[in-house]
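Working notes, structure below.
The values are calculated or read from the model by the stated rules, or taken from the named source; none is laboratory data. All values reported here derive from a predicted model rather than from experimental measurement. Cβ coordinates were reconstructed from backbone atoms using ideal geometry, including for glycine residues, and neighbour counts include every protein chain displayed. Side chains included, ligands, DNA and RNA excluded: accessible areas come from the protein's heavy atoms. Shrake-Rupley method; radii C 1.70, N 1.55, O 1.52, S 1.80 Å.
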Amino acid sequence: MAFSSLSTPSSSSPSSSFTLPTKPSPGAGSLSFSNGRRASTGRFRMAAVRAEAVDTSISPRVSALRPSKTMAITDMASALRQAGVPVIGLAAGEPDFDTPAVIAEAGINAIRDGSTRYTPNAGTMELRKAICNKLQEENGLTYSPDQVLVSNGAKQCITQAVLAVCSPGDEVLIPAPFWVSYPEMARLAGATPVILPTSISDNFLLKPESLASVITEKSRLLILCSPSNPTGSVYPKELLEEIAAIVKKYPRLLVLSDEIYEHIIYHPAKHTSFAALPGMYDRTLTVNGFSKAFAMTGWRLGYLAAPKHFVSACGKIQSQYTSGASSISQKAGLAALNLGYAGGEAVSTMVKAFQERRDYLVRSFRELPGVKISEPQGAFYLFLDFSSYYGSEVEGFGTIKDSETLCMFLLEKAQVALVPGDAFGDDKGVRISYAAALSTLQSAMEKIKDAMSLLKAPAAV
């Protein structure tokens, strides 16, 4: 069975003919209708004309966007499963756990109690107060409710933040490997993404000197994600302080701190909020949400906390795009924050399972020759360097040229869906989501090992 590449064909609309009314013609006769009535064509004369082809062009800013390979792989795996192919999907960044019962019940009760109307654009006051309490107790950050904006997921928060602070010609600094949407959000704002490569030998952490070397007068926003999607890396406080010392030298440079995986972290790693560092509060936009830690991906609920003028600007965008988040989801989010510090037992149970899965995959992939591993300290992803296998020939498939052809090979031969590293700005790697049952990961691992055995011996690394 062969699978096509991830590209999507485009289509165009053919021209068509139809009848248009024209200006009345003096002295014209009459027009008969099926009911026997007659109307003067002096008032209304029809003429058949050939229509010009419809202009199907798309905004250049939108045309410049690249579709998400994460979604493309996930959709492809779903389509194959529907066709009867037993594909194991390890592409999507979605916990396999159900939303904790107490959270789900809060949503159900919201419906039953009639909490189904529009909320304030920024979110309900009770939820924003709860978020403020959470940020104070868990992150050491003091915000008031008017410094918090609740949105339809953290992705919306980030998009609005980039649109609010970036102008055409600005530069957005993005360490790689990066979440697939960051560069596209920058492009949507008319800004230029500047990619800062990191190394697996440094656990994919940005070196301060690398940051300092690329900052210009156009640099407007630095995006940091810790714990990281796609690498699972966690920035230690000491390294963040070094980065902050550089950022502090540039009054125009802001920081967007994506902390959506904050609670999915493995001892001894610890999470540090960038805004809590000395001098960083006024220039940091902190994004968090409920999807990952609380297994609430479908509830679509995230939030931004930042200085009031940034939040007001983002709120202005939201008021014209979507208005407030779901009233039902906000009630559920409130219940999530009431579970206790860091989500309480419900979250810690999920994190324990994630860590068990991580440990299994790390042990297993270390048995594959030529694969480089940076053991993740948080989130639920492995970003593995398979580049030593590039150039391998596979009978009946062809050459493994890069991360995309490797993933297509594993999809075809192992029936396991992974995401190619080029989607994250590092073509040497492949991202594996271990947000799946341990038994599923064990089955996938067997299939991957069998498929990789078909490749020639990897090059020396």
Taking all pairs of distinct Cα atoms, average 1/r, flip it, and tell me the Kirkwood hydrodynamic radius of the stretch 101-341 in Å to one decimal place. 18.1
Computing the accessible area with a 1.4 Å probe over protein heavy atoms, can you report the carbon and sulfur percentage for the stretch 364-461? 45
extent check for the stretch 47-131: Cα max minus min per principal axis, descending, whole Å, gives 61, 45, 29
Extending each Cα 7 Å along its Cβ direction at LYS270 and ALA212, get the distance between those two points in nm, one decimal. 2.6
Angle between the Cα long axis of helix 438-452 and the longest principal axis of the chain, 0 to 90 degrees, nearest 10? 90
Contact order relative to length for the chain, counting C-alpha pairs under 8 Å separated by 6 or more residues, stands in percent at 19
Using a 10 Å cut-off on Cβ atoms, rank the peptides 135-148, 182-195 from the highest mean neighbour count down. 182-195, 135-148
Span from the the stretch 194-220 Cα centroid across to the the stretch 113-173 one, whole angstrom: 27
Where in the stretch 394-439 are there trypsin sites (Lys or Arg not before Pro) that are in a DSSP coil and have at most 15 other Cβ atoms within 10 angstrom of their Cβ? LYS401
If you average the C-alpha positions of the stretch 270-299 and of the stretch 303-326 separately, how far apart do those two centres end up, in angstrom? 16
For LYS372, go through the lysines and keep the ones whose alpha-carbon is under 16 Å away, minus same-chain ones fewer than eight residues off. LYS428, LYS449
Let's see if you can work this out: charge +1 on each Lys and Arg Cβ, -1 on each Asp and Glu Cβ, no other charges. What is the dipole magnitude of the chain about its Cα centre, in debye to the nearest 20? 1900
Could you state the angle between the C-alpha long axis of helix 69-82 and the longest principal axis of the C-alpha atoms of the chain, as a value from 0 to 90 degrees rounded to the nearest 10? 80
Working out 0.36 nm times the residue gap between ALA79 and THR116, then minus their Cα-Cα distance, what length gain in nm do you get to one decimal? 9.9 nm
Reduced Cα scattering model of the stretch 190-253, Debye log10 I(q)/I(0), q = 0.14, 0.16 Å⁻¹: -0.42, -0.55
Taking the 0 to 90 degree range and rounding to the nearest ten, how far is the long axis of helix 403-413 tilted relative to the main principal axis of the chain, both from C-alpha atoms? 90
For the ranges 55-65, 207-217, 111-121, what's the packing order if you count other beta-carbon atoms within 10 Å of each residue, average per peptide, and put the highest first? 207-217, 111-121, 55-65
Calculate the dipole size of the stretch 97-217 relative to its Cα centre from +1 charges on Lys and Arg beta carbons and -1 charges on Asp and Glu beta carbons; express the result in debye to the nearest 20. 320
When the accessible area of the stretch 101-341 is computed with all protein chains present and a 1.4 Å probe, what percentage of it is carbon and sulfur? 53
Here are some values of Cα Rg over 2.2 N^0.38 Å: [x] 1.24; [y] 1.17; [z] 1.05. Which one was computed from this structure? [y]
Run the quick spin-label model on VAL102 and SER439: label points 7 Å from Cα toward the beta carbon, then report their separation in nm to one decimal. 2.9
Per the 1/(1 + (r/R0)^6) rule, R0 = 56 Å and r from the Cβ atoms of LYS308 and GLU395, FRET efficiency to 0.05 is 0.35
If R0 is 35 Å, what FRET efficiency do you get for SER63 and GLN320 from their C-beta distance, rounded to 0.05? 0.95
Leaving out ligands and nucleic acids, and using a 1.4 Å probe, what accessible area per residue does the stretch 101-341 come to in Å²? 39
Of GLN355, MET452, ALA275, farthest towards positive along the dipole that unit charges on Lys, Arg, Asp, Glu beta carbons give the chain: ALA275
